[in-house]
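Note sheet for the following structure.
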């Protein structure tokens, strides 16, 4: 399939036809007529289902066809709360902050193919979920940045054993069993080290770009800007530097050979991803289905209560 070079890309919006029943019944009937969702997502990259008035109690029913094999958020690095069968709150960062663009778990050996977001409660202002075409994001970067990142990236996590800064390994892997964690990390081709204080250090080398398994499109696919201190802003990075050395931070990143990634690269990646993004403004009952390789996502600041749930599948 030829790469989509349309800079006017936006998620495809599906609304109920006149006479379509409200709620899950109407959406499930429509999904039966859509057929192959993999092909639909390969064409549109992201789809918003709007106006069906999905109630939270109906969420499991509509997830069944959209996410046939729902996954647990094992080895996830974002703070979330599990609220159902492999259903989680979206990242729980303070509302005044922007969450930069990223593909879910692009740092991991395996990542979800699809993500489904559900708006249970829309915020008073702001709070959009921006989405960006990963091929466009890649094209937006300077040639020097793309060339240097072609070496790949090395991610390092420091997970405490129950008390400390950041996430614990128990929370990250949803288990208290060291044997289960080690089995998972060996299968993920990650290096790991148990620390004397009960914590765990995990190191993984991953590519900076990948090609979509259906379209063959090359996309920007890493979280270097989120794992690098420069992505947090100068003041936050300086404050962290005063607390602990970089190698002891909850997460850090370098090029695959261990050489440092320039801060200017990190801010370019972060800012151009956000600049190229299209905002999905939430209405209660909305669903957003994304191809997690073709499309990256983030979050805009907001005011008032906001509750967006997320689930994922392979």
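In nanometres, what is the gap between the two model label sites at residue 278 and residue 69, each 7 Å from Cα along Cα-to-Cβ?
In this crude label model, residue 278 to residue 69 measures out at 2.9 nm.
To the nearest 10 degrees, how steep is helix 263-275 against the longest Cα principal axis of the chain, on a 0 to 90 scale?
Long axis of 263-275 versus the principal axis of the chain: about 10 degrees.
So what is the relative contact order for the chain, in percent, with contacts set as C-alpha pairs under 8 Å and at least six apart?
36 percent
Taking the square root of 5 times each eigenvalue of the Cα gyration tensor, what semi-axes in Å does the equivalent ellipsoid of segment 138-272 have, largest first?
Equivalent-ellipsoid dimensions as semi-axes: 27, 20, 12 Å.
GNM on the chain, C-alpha springs below 10 Å: top fluctuator among 180, 281, 133?
Of 180, 281, 133, the most mobile in the Gaussian network model is 180.
Return one number: the angle in degrees, 0 to 90 and rounded to the nearest 10, between the long axis of the Cα atoms of helix 234-243 and the longest principal axis of the Cα atoms of the chain.
Long axis of 234-243 versus the principal axis of the chain: about 50 degrees.
What is the spin-label model distance, in nm, from residue 193 to residue 43 if the labels are put 7 Å beyond Cα along the C-beta direction?
5.2 nm
Would you mind checking the tilt of helix 178-187 against the longest principal axis of the Cα atoms of the chain, expressed as 0 to 90 degrees and rounded to 10?
Result, in degrees: 80.
Length gain on complete extension for the stretch residue 303 to residue 34, per 0.36 nm per residue less the alpha carbon to alpha carbon distance?
So the extension gain works out to 93.3 nm.
A short reminder: the numbers here are calculations on the coordinates, not readings from a lab. Predicted model, so just to flag it, every value in this text is computed and none were measured. Don't worry about glycine lacking a Cβ; one is built from the backbone with ideal geometry, like all the others, and counts go over all protein chains shown.
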